[in-house]
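The block underneath contains the structure these notes are about, expressed in structure tokens.
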Amino acid sequence: MRKVVAIVPARAGSKGIPDKNIMQIGGKALIEWAIKIGTESPLVCDTYISTDSAKYEKLALASGAKSLGLRPKHLGEDNTKTVDVVLDMLVAFEKQGVCYDLILLLQPTAPERSVEQVAALIDCFDRAEANAAVSVSLLDEPHPYKLKKISSDGWIEPFLGGQSSENSRQTLDQAHRLTGAYYLVKVDALKESRSFFPPRTAAFVTYPVVNIDAQADADYLRYLVETGKDNLPK
């Protein structure tokens with residue numbers, strides 16, 4: 001039987017919003033929402049927290065997650081890549097004689113998920129015979145070809161070449177944005193590519209969700225919760 005491990009990455013040193021990963025939204029900390037999806041999905045074998053904070057680890061364990069212990073110091077820096085954290089965990093799993101087939105990365109900052117979506121994500125992955133599947137949503141505006149940059153001389157230039165920003169939106173190829181909610185990848189493909197986007201990465205298209213990067217994002221999600229328009233796990 002295929003084994004899926006959910007990993008919730010939660011570094012403590014957020015600069016923009018202090019302790020962002022344990023911010024309270026809808027009565028739970030963000031890492032609690034992510035762990036809830038992993039532990040309640042029948043397709044997920046184990047759910048692990050990866051953190052450099054004893055406080056975060058304690059909260060995660062109380063919420064039903066497992067832990068390999070706190071991250072090594074070199075994996076808790078501002079420039080640490082999540083893929084390096086996960087690869088380090090795979091080494092630790094193998095030393096314990098534990099092997100998984102698929103990794104489901106659940107970032108705390110995109111908490112609008114459902115157990116049903118996890119099943120749909122894995123189905124999308126299987127039907128595509130993919131090495132990975134990542135959640136995206138349609139990006140309506142601004143279309144990437146309508147973005148601009150300012151040259152060193154101060155002139156406005158296209159941010160991307162190949163199309164005119166004066167073309168109507170309807171004539172441009174559809175663009176999609178990463179939602180941040182789901183990253184599913186084969187262990188072997190992750191090891192080989194050192195990326196959550198190996199060759200043959202399928203698009204799992206979902207509705208737009210809030211991915212908390214700034215305080216305004218958190219405020220907007222709280223507004224959605226207060227008005228009953230959120231998609232937090234039920």
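Just a yes or no: is a residue in region 46-55 among the basic types (Lys, Arg) and under 19 Å from the mean Cα position of the chain (by Cα)? The answer is no, given that none of the residues of region 46-55 is among the basic types (Lys, Arg) and under 19 Å from the mean Cα position of the chain (by Cα).
To keep it simple, each residue is scored yes or no on (1) charged (D, E, K, R); (2) within 21 Å of ALA119 (Cα to Cα).
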residue	(1), (2)
LEU147	no, no
LEU160	no, no
HIS176	no, no
TYR182	no, yes
VAL185	no, yes
ARG194	yes, no
GLU226	yes, no
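Within region 82-111, the residues that satisfy the criterion of being in contact with a Leu (Cβ under 9 Å, 6 or more places away or on another chain) and either at pLDDT below 95 or of a type in the set (Asp, Glu) (or both) are ASP84, ASP88. Restricting attention to region 203-231, the residues that are within 23 Å of ASP123 (Cα to Cα) and more than 15 Å from the chain's Cα centre (by Cα) add up to 1.
Taken over region 169-190, the criterion of being more than 16 Å from LEU147 (Cβ to Cβ), charged (D, E, K, R) and surrounded by fewer than 13 Cβ atoms within 10 Å (Cβ to Cβ) is satisfied by ASP188 alone. The residue of region 37-47 that is surrounded by the fewest Cβ atoms within 10 Å (Cβ to Cβ), among those that are touching a helix residue (DSSP H, G or I) at 6+ places or on another chain (Cβ under 7 Å) and closer than 18 Å to CYS99 by Cα, is LEU43. Pairs meeting the criteria (first residue in region 46-65 and within 13 Å of MET89 (Cβ to Cβ), second residue of a type in the set (Ser, Thr, Tyr) and in a strand (DSSP E or B), beta carbons under 9 Å, at least 6 apart or on different chains) are TYR48/SER67; ILE49/SER67; SER50/SER67; THR51/SER67; ALA65/THR47; ALA65/TYR48.
Taking strands (runs of 3 or more DSSP E) as the structural unit, those lying wholly within region 124-194 and holding at least 3 residues that are hydrophobic (A, V, I, L, M, F, W, C) and either touching a residue at least 40 places away in the same chain (Cβ under 8 Å) or in contact with a Gly (Cβ under 9 Å, 6 or more places away or on another chain) (or both) correspond to 132-139, 175-186. Every condition in (1) assigned to a loop (DSSP other than H, G, I, E, B); (2) buried (at least 16 other Cβ atoms within 10 Å of the Cβ); (3) touching a residue at least 60 places away in the same chain (Cβ under 8 Å) is met by SER14 except one, and the failing one is (3). Counting only residues that are aliphatic (A, V, I, L, M) and surrounded by 13 or more Cβ atoms within 10 Å (Cβ to Cβ), region 156-168 holds 1 of them. Would a scan of region 137-153 turn up a residue that is of a type in the set (Phe, Trp, Tyr), modelled with pLDDT of 95 or more and out of contact with any Asp or Glu (no Cβ under 6 Å at 6 or more places or on another chain)? No.
Scanning region 1-52 for residues that are within 17 Å of LYS186 (Cα to Cα) and among the acidic types (Asp, Glu) returns a single hit, ASP46. If we keep just the residues of region 26-67 that are among the polar types (S, T, N, Q) and assigned to a strand (DSSP E or B), which is farthest from ILE212 (Cα to Cα)? Residue satisfying both the conditions and the ranking: SER67. Within region 102-116, identify whether any single residue is in contact (Cβ under 8 Å) with a residue 60 or more places away in the chain and either basic (Lys, Arg) or loosely packed, with under 13 Cβ neighbours inside 10 Å (or both), and answer yes or no. Yes, that holds for at least one residue. Being in contact with a helix residue (DSSP H, G or I) (Cβ under 9 Å, 6 or more places away or on another chain) and of a type in the set (Ser, Thr, Tyr): is that true of TYR207 here? No: the conditions fail for TYR207.
Evaluating THR80 against the criteria (1) over 21 Å from SER195 (Cα atoms); (2) in contact with a His (Cβ under 9 Å, 6 or more places away or on another chain); (3) of a type outside the set (Asp, Glu) leaves one unmet condition, (1).
The values are calculated or read from the model by the stated rules, or taken from the named source; none is laboratory data. Since the structure is predicted, the reported quantities are computational estimates derived from the model, not experimental observations. Because the Cβ atoms are built from the backbone with ideal geometry, glycine has one as well, and the counts that use them run over all protein chains shown.
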